[in-house]
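Quick note: the coordinates plus some simple rules give every number you see, no bench work behind them. Values in this document were obtained by computation on a predicted structure and should not be read as measured data. We place every Cβ from the backbone using ideal geometry, glycine too, and count neighbours over all the protein chains shown.
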Protein chains: 2
Amino acid sequence: MTNWAGKKVLIAGGLGFIGSNLARRLVDLRAEVILVDSLIPQHGGDLRNIAGIENRVQFHKLDVREEAKIIPLLDRQDYLFNLVGQTCHLDSMHDPFTDLEINCSSQLSLLETVRKYHPAVKIIFASTRQIYGVPDYLPVDEAHPLHPVDTNGIHKMAGEWYHRLYQKIYGLRACILRLTNTYGPRMRTKDARQTFLGWWIHQILAGEKIKIFGTGKQLRDFTFVEDAVEALLMAASDEKADGQIFNLGGEGRVSLEELAELLVEIHGSGSYQIVPFPKDLKAIDIGDYYANYRFIQDRLGWRPKTGLKEGLKRTLDYCRESSQAKPAT
Amino acid sequence: MTNWAGKKVLIAGGLGFIGSNLARRLVDLRAEVILVDSLIPQHGGDLRNIAGIENRVQFHKLDVREEAKIIPLLDRQDYLFNLVGQTCHLDSMHDPFTDLEINCSSQLSLLETVRKYHPAVKIIFASTRQIYGVPDYLPVDEAHPLHPVDTNGIHKMAGEWYHRLYQKIYGLRACILRLTNTYGPRMRTKDARQTFLGWWIHQILAGEKIKIFGTGKQLRDFTFVEDAVEALLMAASDEKADGQIFNLGGEGRVSLEELAELLVEIHGSGSYQIVPFPKDLKAIDIGDYYANYRFIQDRLGWRPKTGLKEGLKRTLDYCRESSQAKPAT
């Protein structure tokens, strides 16, 4: 692994859930960290996510399409973690144009800036399992066809293709991680825009019943955010990652009903109910999903280390404390 | 086949090469034809393409994103032929943002308008073989993986996915044709933005040497524009086309050198030379391509009817006459 001390790192989308966890880790490793975030309210960015490290990072509120501002910030950076993105599938259907702006236009702009002004920076791009759509087979490996089921998936797929293209045509050093459900401290819990699990955590902490849509039998895998951060760092560190696409995944898989039961058990109280899918969500549901992450395991040595029970406990503890410490927004 | 007499048809991109040929055919079939085109100079739209039928069609110069104007035009239309697009691969690399605007934002806007205001119209979308990228196998069928090699291919792929998504989620009646090199009267010959063949025709008519990039051995298939128009009409007419994706193709395939020889033979004079690929074009070249069009043949009964020699002769005759009739632009 790279010795991160003194390394210059820019995290785009750095105030979001994963970006801020990555920033904390990099600060601990004594990297020089610049965070860029547009702080769009519907997205994951939140100043509270960097509470305690404010003075150890540089933060710039801007849209990555503001080329004149982003060019000097990228100057002499060693690494660009590209976590820019709109993640909400339903929002992407209700407002496909904003999703296009964020997930395509922004990506293109960032890559054009890198190509023209800073072609030596190594890019690690956070893509998503959403681009696979409804799986043809399980577990899903990286060779699985891409057939997205919503506008978000189409645009994320295009965003990923830009990175592949700029790597191939212009020789940029880019690698791609396809993340599955990532969870942990600082995940968005005020609504289901980032993950349904975030909203479940809100429900259980508010003393409400967790609502599971569908049958409760749908299978998913989950990556604890520290494991996702580790994968990002390993992909950045290792030349064998350049030009590659890697699935992340979780240790085993779990049905949504089992997940709800586990949450109730860890929290020590609460309950859940299985309710019919809202029509608009059903239309873009992907059914069962879990990833084959053997490729990153074999090539970079990554595997998820945090079990679901431990990860959920730490997440709930964090959310409980932070909801007591600050007024809910 | 549909009895087209009195059918209400809107052709978006209707002043372009294929759109205007389609319009001519539909006028002959006594359909009521509305043409919409933004007439962007770098694209295919040209008022001269409807010379002789000006009084038998309605033409509106507008961008399909001008929702307030397009909504009333789509009112009670039976068919929407969606031929909107930027086709130049090289332009898409030099200015990916414009390509994004035309090939993604415009498509999304048109589909949103249809979904919200005119969901009953049947859409026939002109996609492209460019989204396959460098073929994994030949001939390429519709199951071939999509791995585009340029920004244009990425955006065209997204545009196609929008149609598939809106068909699946909102029940729009959409079908997709993936066109290969289409040629014929009214093709763009003032540069290579639409096809390299258009530029070759310019070269031979101007008494210049045809310049073949690469080895001259690259294989391609060609569809004469009347055959492409026939495919568009058959896809519109047949419910078995709804929700489907069809390759078009040509009768046989030909190497670029053979194609140049054929052009010289038909024209009765001229010559060609094989020159190295310009670097920017080489980077996005797809090598050999020819399509398997068995699916549309089996399902809709389409097959190309115009042989390459006859098609090229008619194209050259048209271009010769029109270049004599009007000053070159």
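Some points to look at:
- Among B:D150, B:D280, B:D99, the largest mean-square fluctuation in a Gaussian network model of chain B (Cα springs under 10 Å) belongs to B:D280.
- Placing pseudo-labels 7 Å out from each Cα toward the beta carbon at B:R48 and B:D141 gives an inter-label distance of 4.3 nm.
- Placed amide H near A:N181: partners under 5 Å, 5+ positions off or other chain: A:D221, A:T223
- Using equal-weight Cα scatterers in the Debye expression, the normalised intensity of chain B in log10 at q = 0.08, 0.09, 0.14 Å⁻¹ is -0.34, -0.43, -1.12.
- Mean separation of Cα contacts under 8 Å (6+ apart) over length of chain A, as relative contact order %: 17
- Residue exposure proxy: A:W161, B:W4, A:W199, ordered by other Cβ atoms within 10 angstrom of their Cβ from fewest to most, comes out as A:W199, B:W4, A:W161.
- Cα gyration tensor category, rounded, prolate or oblate, for region A:1-126 with a/c compared to 1.5: oblate
- The rotation axis taking chain B to chain A passes closest to the C-beta of one chain B residue; that residue and the distance in whole Å read B:A158, 2.
- For region B:6-128, with +1 on Lys and Arg beta carbons and -1 on Asp and Glu, the positive-most of B:L83, B:A120, B:A68 along the dipole: B:A120
- Computed over the protein assembly as shown, Kirkwood Rh from alpha-carbon pairs, angstrom: 26.6
- Seen against the Cα atoms of chain B and their longest principal axis, helix B:256-267 is set at about 90 degrees.
- Among the trypsin sites (Lys or Arg not before Pro) in region A:71-171, those placed in a DSSP loop whose Cβ has at most 14 other Cβ atoms within 10 Å are A:R76.
- Mean separation of Cα contacts under 8 Å (6+ apart) over length of region A:110-192, as relative contact order %: 40
- Length gained on full extension, A:S323 to A:V264, computed as 0.36 nm times the residue gap minus the Cα-Cα distance: 19.4 nm.
- At R0 = 35 Å, FRET efficiency that the Cβ-Cβ distance of A:A120 and B:L39 yields, to 0.05: 0.25
- Extending 7 Å from Cα along the Cβ direction at B:L281 and again at A:K282 yields two label points whose distance is 5.4 nm.
- Distances between equivalent label points of B:K168 across the copies, with each point positioned 7 Å along Cα→Cβ, amount to 2.3 nm, shortest listed first.
- HN-Hα J in Hz across region B:164-179 - Karplus 6.51, -1.76, 1.60, θ = phi - 60°, x for Gly and Pro: 5, 5, 5, 5, 6, 7, 9, x, 4, 8, 10, 9, 10, 10, 9, 7
- R0 of 22 Å, Cβ-Cβ distance B:R56-B:T2: FRET efficiency to nearest 0.05: 0.75
- Copies compared at A:R30 - label distances in nm, ascending, label defined 7 Å from Cα in the Cβ direction: 8.7
- C-alpha center-to-center spacing [region B:140-178, region A:224-261] in angstrom: 29
- Global geometry of region A:142-198, whether rounded, prolate or oblate, following the gyration tensor of its Cα atoms and the 1.5 cut on a/c: prolate
- Ranked list, fewest to most other Cβ atoms within 10 Å of each Cβ, for A:T151, A:T215, A:T113: A:T215, A:T113, A:T151
- Computed over region A:50-180, relative contact order equals 29 percent, with contacts defined as Cα pairs under 8 Å that lie 6+ residues apart.
- Label point 7 Å beyond Cα along the C-beta direction, distances from B:E321 to other copies (nm, shortest first): 8.3
- Here region A:35-185 is treated with +1 on each Lys and Arg Cβ and -1 on each Asp and Glu Cβ, and its dipole about the Cα centre works out to around 560 debye.
- Region B:1-80-region B:186-213 distance, computed between alpha-carbon centres (Å): 26
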